[in-house]
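In what follows, a single structure is set out as structure tokens and then discussed.
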Amino acid sequence: MPNSFTHVFEPGTDPSAPPLFLLHGTGGNEHDLLRLGRTLSPGSALLSPRGQVSERGANRFFARLAEGVFDPAEVTRRTHELADWLVATTKKYPLDPARLTAVGFSNGANIAATLLQLRPESLGAAVLLRPMVVLDQPAAPGSLAGKRALLLNGNTDPIVPLDHPPRLAAHLRAGGADVTQQFFPASHNLTQADITAAQDWLGS
Ligand code: MLT
């Protein structure tokens, strides 16, 4: 059995709603995005793990060397650990990985993106809220064919450089993903515009 993640699982009530894989930001936990998940897609099953890295007590999904500075080997190792756990966990509940839609915020959006880049079979789609480029490499050609991603960023975000979202979009499109990328007049925190755009995209 792969390394286990503390998590919450809420069964779905609407079989037509995609199961959501909720990935919190730095300092969050497995409860943080449950309300967001219910708001974005009422009736979806919700699977929400807690990141296993502690940065002075703040939970994360991979360590960082400094704000915005990452070690590709660490990110790769943590991405595979989460993907291996997901393989076992989607069988246990069970959830269809082809319909599983990640909803990640900040550090959670970043590991959702690296899952798409390194383990494309683990997700069907992803809503990336305030993502940045963590692994500067294109997805393998064809690896993301038939998958969708929504990237939502703020154009006054002090954490995510403005060139990162279009670069990440290009890395995912290289794998064949259908990517929608949008900027809002916002900072790193989510706004109502993010919620509305994510709801519309999930419903489309
Ligand atoms: C964060 O504060 O979590 C950053 O925005 C993203 C990261 O370090 O992965």
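The values are calculated or read from the model by the stated rules, or taken from the named source; none is laboratory data. No experiment lies behind these values; they were computed from the predicted model shown. We place every Cβ from the backbone using ideal geometry, glycine too, and count neighbours over all the protein chains shown. The protein model used for the area step is the full one, side chains on, heavy atoms only, and it has no ligands, DNA or RNA in it. Shrake-Rupley method; radii C 1.70, N 1.55, O 1.52, S 1.80 Å.
Taking the Cα centre of segment 47-153 as the origin, how large is its charge dipole in debye, to the nearest 20, when only Lys and Arg (+1) and Asp and Glu (-1) carry charge on their Cβ atoms? Don't jump to the answer; show the numbers that get you there.
Values: 13 positive and 9 negative charges, 63 e Å.
Using Cβ point charges on Lys, Arg, Asp and Glu, segment 47-153 gives about 300 debye.
Loop-only check: which GluC sites (Glu not before Pro) in segment 38-79 are DSSP coil with at most 11 other Cβ within 10 angstrom?
Values: sites: E55, E67, E74; in loops: E67.
Filter output for segment 38-79: E67.
5 Å is the cut-off here: which amide hydrogens, built 1.01 Å from N in the peptide plane, fall below it relative to N59, excluding neighbours closer than 5 in sequence?
Those lying under 5 Å, H to H, from N59 are G27, G28.
Report, to the nearest whole %, how much of the accessible area of the chain belongs to carbon and sulfur atoms, 1.4 Å probe, protein only. It would help to have the intermediate numbers written out before the result.
Details: 4610 of 8550 Å².
Result for the chain: 54 percent of the exposed heavy-atom area is carbon or sulfur.
For the charge dipole of the chain, defined by +1 on Lys and Arg C-beta atoms and -1 on Asp and Glu C-beta atoms about the Cα centroid, which residue among A169, A113, T156 has the Cα displaced farthest towards the positive pole?
A113
In debye to the nearest 20, how big a dipole does segment 7-202 give about its Cα centre with +1 on each Lys and Arg Cβ and -1 on each Asp and Glu Cβ? Show your work: numbers first, answer last.
On the way: 17 positive and 18 negative charges, 45 e Å.
With only Lys, Arg, Asp and Glu charged at Cβ, the dipole is about 220 debye.
Which whole-number value in Å² is the accessible area per residue of segment 7-202, probe 1.4 Å?
On the way: 7930 Å² over 196 residues.
Each residue of segment 7-202 exposes 40 Å² on average to a 1.4 Å probe.
Under Stokes-Einstein, with the Kirkwood radius over Cα pairs standing in for Rh, what whole-number D in µm²/s applies to the chain at 25 °C and 0.890 mPa s? Provide the component values of the computation, followed by the final result.
Numbers: Rh = 16.5 Å.
In µm²/s, the coefficient rounds to 148.
Could you pull out every residue, at least 5 positions away or on a different chain, whose amide H is within less than 5 Å of the one on A102? Hs are placed 1.01 Å off N in the peptide plane, and Pro or chain starts have none.
Amide H neighbours of A102: F21, G124, A125, A126, V127.
Residue-wise, which Karplus ³J(HN,Hα) couplings in Hz belong to segment 36-51, taking 6.51 cos²θ - 1.76 cosθ + 1.60, θ = phi - 60°, and x for glycine or proline?
Once θ is set to phi - 60°, the couplings for segment 36-51 become 4, x, 5, 6, 6, 8, x, x, 6, 5, 10, 10, 9, x, 9, x Hz.
Compute the label zone of E74 within segment 138-161: residues whose backbone N is under 20 Å from the point 7 Å along Cα-to-Cβ.
Correct set: 159-161.
F184's amide H: which non-local residues (gap 5+, or another chain) put their own amide H closer than 5 Å, with H modeled 1.01 Å from N in plane and none for Pro or chain starts?
N153, G154, N155
Quick one: Karplus J couplings for segment 3-8, per residue in order, coefficients 6.51, -1.76, 1.60, θ = phi - 60°, nearest Hz, x for Gly and Pro?
These are the phi-based 3J(HN,Hα) values: 2, 8, 9, 4, 7, 10 Hz.
If I model a spin label as a point 7 Å beyond the Cα along the Cα-Cβ vector, how far apart are those points for V8 and L34 in nm?
0.3 nm
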